[in-house]
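Please treat every number below as a calculation from the coordinates, not as lab data. Worth saying up front: this structure is predicted, and the values here are computed from it rather than measured. Positions of Cβ are backbone-derived with ideal geometry, glycine not excepted, and every protein chain shown enters the neighbour counts.
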Amino acid sequence: MIKSGLIQMSLPMTEGEGTIEEIKAAMEAKHIPLIEEAGRQGVQILCLQEIFNTPYFCPGQDKNWYASAEAVPGPTTDRMAEYAKKYNMVMIVPVYEREAAGFLYNTAAVIDADGTYLGKYRKNHIPHTTGFWEKFFFKPGNLGYPVFQTKYAKVGVYICYDRHFPDGARVLGLNGAEIVYNPSATVAGLSQYLWKLEQPAHAAANGYFMGCINRVGEEKPWNLGRFYGTSYFVDPRGQIIAQADEYKDELLIADFDLDMIEEVRNTWQFFRDRRPETYEKLVEL
């Protein structure tokens, strides 16, 4: 049995109320009480939302936000590693990563329960459309779909827009993931219907658990819309087993019975019955 947690969070201040570093510090500080609460409640794996310590700045194209990117591992992951070690808790920490000048990624670091940095996932699918000008800020990921052997489970990460693509979700399953976390920044509109459609489908098709995290509230001055929260956990049968509020900051906790993975896969033999030799079309350029 694994106890997992998700934190959904609203922005504590707007761009005009502080510098980029002040906004980052305020957002991180706002998370700390819920990270501590997760630790006190015995959460073993905790995931934060997409670029958790900044606003979702992609509705604009302000290059000043390049300065908010940081090394991974780096100062933020080092601080989060202290909480991971303190509470014996695996943490998935999504941040804006700077590898080098002009090499910026939407990244999630995975930190083991003893504070050890295990590695990172870089968002592979980068949208570029009205309100989501992500290619202005992020290079596409180049690390594939890694799965990390943590103290408690084999963990994979898929970030926000990635969830619209079943291919990477399948690769995570083939790579051995038992739990896949999808930290997101998603606003009310067309995607709200898909929010509860795609990820339960990935969980059922691949026989793993998923933790799906979304922001809450509105973020000015971008005024993209309302981030609708409703973070949730879904089991390998595709059933949502816990769900957060639509409007408020929240720590969501659920228990996973990892034995369910084998039970489900023994019933639905989707991996056995795959026909990869017939899928050539999927990899045509």
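Among (1) of a type outside the set (S, T, Y); (2) touching a His at 6+ places or on another chain (Cβ under 8 Å); (3) part of a loop (DSSP other than H, G, I, E, B); (4) surrounded by fewer than 16 Cβ atoms within 10 Å (Cβ to Cβ), which single condition is G144 missing?
That leaves (2) as the condition not met.
Working only within the stretch 263-285, note down all residues that are assigned to a loop (DSSP other than H, G, I, E, B) and farther than 24 Å from A203 by Cβ.
E284, L285
Report yes if some residue within the stretch 14-24 is out of contact with any helix residue (DSSP H, G or I) (no Cβ under 9 Å at 6 or more places or on another chain) and either surrounded by 15 or more Cβ atoms within 10 Å (Cβ to Cβ) or in a strand (DSSP E or B) (or both); otherwise report no.
no
I'd like the full set of residues that are touching a Ser or Thr at 6+ places or on another chain (Cβ under 8 Å) and of a type in the set (G, A, S), limited to the stretch 189-219.
The answer is G211, G217.
Results for (1) within 15 Å of V216 (Cβ to Cβ); (2) in a strand (DSSP E or B), shown as yes or no for each residue.
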site	(1), (2)
G5	no, yes
M27	yes, no
I32	no, no
A38	no, no
G42	no, no
L46	no, yes
E50	yes, no
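Quickly run through the stretch 234-253 and pick out the residues that are assigned to a strand (DSSP E or B) and charged (D, E, K, R).
Scanning the stretch 234-253 gives a single hit, E250.
May I ask you to say which residue of A185, A203 is surrounded by 18 or more Cβ atoms within 10 Å (Cβ to Cβ) and not in a loop (DSSP other than H, G, I, E, B)?
From the options A185, A203, the qualifying one is A203.
Does I20 satisfy being among the aliphatic types (A, V, I, L, M), out of contact with any Cys (no Cβ under 8 Å at 6 or more places or on another chain) and within 28 Å of I261 (Cβ to Cβ)?
No: the conditions fail for I20.
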